[in-house]
Amino acid sequence: MERARPIDWAIVGLILVVGYAAVRHRQAVSALEVGRREEAESFARILSSLSRSVAPDAILGAIVGELAAATGADHIVIARRRPDARVLEATLVSARPGVPDSTTLLPIGDLEDPIAPDGAPATRDPVAVRVERAVPEPVGVGGLRGRLDELTARVAATGPLWTRAGPAPAAGPAPGERQQVAERIAARARQVYGLTNTLAAPLTSETGVVGAIVLSHRIAGAWPATTRRILNGAALEASSALSRAYSMRAAEAQASTDALTGLPNRRYFDEFCGLLARRRRSGDAVGVLMVDIDRFKVLNDTHGHATGDEVLRAVGGAIVSAVREDDVPARYGGEEFVVLLRNPSPEVALEVGERVRTSVRALDLRRLGVPAVSVSVGVAVARQADQPIGDLIAQADTALYRAKRAGRDRVVAV
């Protein structure tokens, strides 16, 4: 029997090495395919959740659970600028069951301030103002206090319809700075929530960065490339979904707004009154002011429609400045305005009506070549909790005509 030569042993060894390498290669390819399949499935679940969500809060809520499952993050922070206020709101969601969400307000400068040359985060002290999520009570006149419930939620994306707009927000950062803004928000989240290892991706709109999604893990170390891809893809899809939701709300708000004065229009007013009528409670009070510009047709014929439009805008602004925070003014049509008074006594209703009259009378319209204008105001207050609001509008309209017949520029109540 011939003894094995060294070269034979070398060949056998080489065959074993090649075979082992082939097996390892197949295992690596299989693992890569499994990873890619799981990554694709995670994206599919995220997209499916987003497709079923319409409201901005629902969009972000839908994405959190899938991100936690797909990335193994211990905590997820969703920070975004509220569409109805200049506020950066952050919500911490824990992957651990039974741990409640925590919502705080972060400095708006983390979102809006220019990026430092070295990309350093903001240096101001951490700010964490907790936001309490109260359980909503049934809507009634006494319980609204500045909220228009379902109808207001439709127009929240553009802010309150009858308040003067604040300064326009600063332009968003250039595309290359968006990730740096997200990292700055992540740095703030680490300070506020005591997080350790974080990974962030920006939420963007047409104007720039509007927030960020931040993942957190207790274990230090680099985040896998798969996690980075999932987070970036989720942030991109969430940004698109948010933009669609805000655009839809803006369109609905536009349909409910008088284009000339910026006040709610009659459609909005009627819808709100219908909603309020269905949810009024015993003891709720409601009143109506009908406001009409005196001799407006003569003004229009004398000075032209362009000047008439300017007068309408000025009168609308005067009404807004005169009514209470909880009252709902609207342009009812032509030169007529209406105000829904919430929880007024007859005395308070007359007082608000008189404030409206004097506020309009004090307008300085000399730049338009127009002398002072006046309004007549009709006032009606419900005497029973179930009195239809439509009846109040009719009563206030009757009182308005009494004011006209009595000489105009006055307030009359029924």
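For region 84-97, name all the residues that are part of a loop (DSSP other than H, G, I, E, B), surrounded by 15 or more Cβ atoms within 10 Å (Cβ to Cβ) and of a type outside the set (A, V, I, L, M).
Within region 84-97, ASP84 is the sole residue that qualifies.
Within region 371-388, is even one residue surrounded by 15 or more Cβ atoms within 10 Å (Cβ to Cβ), assigned to a helix (DSSP H, G or I) and touching a helix residue (DSSP H, G or I) at 6+ places or on another chain (Cβ under 9 Å)? Quick ask: steps written out before the conclusion?
Of all residues in region 371-388, those surrounded by 15 or more Cβ atoms within 10 Å (Cβ to Cβ) come to 373-382, 387.
After this cut, where a residue has to be assigned to a helix (DSSP H, G or I) as well, the list is none.
Checked region 371-388: no residue is surrounded by 15 or more Cβ atoms within 10 Å (Cβ to Cβ), assigned to a helix (DSSP H, G or I) and touching a helix residue (DSSP H, G or I) at 6+ places or on another chain (Cβ under 9 Å).
For the structure I just gave you, tell me whether ASP391 is within 36 Å of the chain's Cα centre (by Cα), exposed (fewer than 15 other Cβ atoms within 10 Å of the Cβ) and part of a loop (DSSP other than H, G, I, E, B).
Details: within 36 Å of the chain's Cα centre (by Cα): yes; exposed (fewer than 15 other Cβ atoms within 10 Å of the Cβ): yes; part of a loop (DSSP other than H, G, I, E, B): no.
No.
List every residue pair whose Cβ atoms lie under 8 Å apart, where the two residues are 6 or more positions apart in sequence or sit on different chains, the first residue falls within region 98-109 and is touching a residue at least 24 places away in the same chain (Cβ under 8 Å), and the second residue, located anywhere, is part of a helix (DSSP H, G or I).
SER102/TYR193; THR104/VAL192; LEU106/ILE185; LEU106/ARG188; LEU106/ALA189; LEU106/VAL192; PRO107/ARG188
How many of the residues making up region 360-398 are at pLDDT 95 or above and in contact with a Ser or Thr (Cβ under 6 Å, 6 or more places away or on another chain)?
The qualifying residues number 1.
Please indicate, with yes or no, whether at least one residue in region 256-266 is of a type in the set (Lys, Arg), open to solvent by less than 70 Å² (accessible area, probe 1.4 Å) and farther than 21 Å from ARG410 by Cβ.
Within region 256-266, the subset of a type in the set (Lys, Arg) is 266.
Keeping just the survivors that are open to solvent by less than 70 Å² (accessible area, probe 1.4 Å) gives none.
Checking region 256-266: not a single residue is of a type in the set (Lys, Arg), open to solvent by less than 70 Å² (accessible area, probe 1.4 Å) and farther than 21 Å from ARG410 by Cβ.
Are there any pairs with C-beta distances below 8 angstrom linking a residue in region 389-402 that is within 15 Å of ASP294 (Cα to Cα) to a residue that is of a type in the set (Ser, Thr, Tyr) and not in a helix (DSSP H, G or I), with the two at least 6 apart or on different chains, and if so which?
Pairs found: LEU400/SER376.
Residues checked against (1) aliphatic (A, V, I, L, M); (2) modelled with pLDDT under 85; (3) assigned to a loop (DSSP other than H, G, I, E, B); (4) over 16 Å from LEU341 (Cβ atoms):
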{"site": "MET248", "(1), (2), (3), (4)": "yes, yes, no, yes"}
{"site": "ALA251", "(1), (2), (3), (4)": "yes, yes, no, yes"}
{"site": "LEU260", "(1), (2), (3), (4)": "yes, no, yes, yes"}
{"site": "ARG267", "(1), (2), (3), (4)": "no, no, no, yes"}
{"site": "ASP270", "(1), (2), (3), (4)": "no, no, no, yes"}
{"site": "CYS273", "(1), (2), (3), (4)": "no, no, no, no"}
{"site": "LEU276", "(1), (2), (3), (4)": "yes, yes, no, no"}
{"site": "SER282", "(1), (2), (3), (4)": "no, yes, yes, yes"}
{"site": "GLY287", "(1), (2), (3), (4)": "no, no, no, no"}
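Is at least one residue of region 52-62 at pLDDT 50 or above, of a type in the set (Asp, Glu) and open to solvent by less than 70 Å² (accessible area, probe 1.4 Å)?
Looking for residues that are at pLDDT 50 or above, of a type in the set (Asp, Glu) and open to solvent by less than 70 Å² (accessible area, probe 1.4 Å), one finds none in region 52-62, hence no.
Inspect all residues belonging to region 196-218 and state whether any of them is in contact with a strand residue (DSSP E or B) (Cβ under 7 Å, 6 or more places away or on another chain) and part of a helix (DSSP H, G or I).
There is no residue in region 196-218 that is in contact with a strand residue (DSSP E or B) (Cβ under 7 Å, 6 or more places away or on another chain) and part of a helix (DSSP H, G or I).
From the list PRO138, PRO126, PRO100, which one is in a loop (DSSP other than H, G, I, E, B) and at pLDDT 75 or above?
Every option except PRO100 fails the conditions.
The values are calculated or read from the model by the stated rules, or taken from the named source; none is laboratory data. Values in this document were obtained by computation on a predicted structure and should not be read as measured data. Methodologically, a virtual Cβ is constructed for each residue, glycine included, from the backbone with ideal geometry; neighbour enumeration extends over all protein chains shown. Quick note on the areas: whole protein, heavy atoms, side chains included, nothing else; ligands and nucleic acids left out. Shrake-Rupley method; radii C 1.70, N 1.55, O 1.52, S 1.80 Å.
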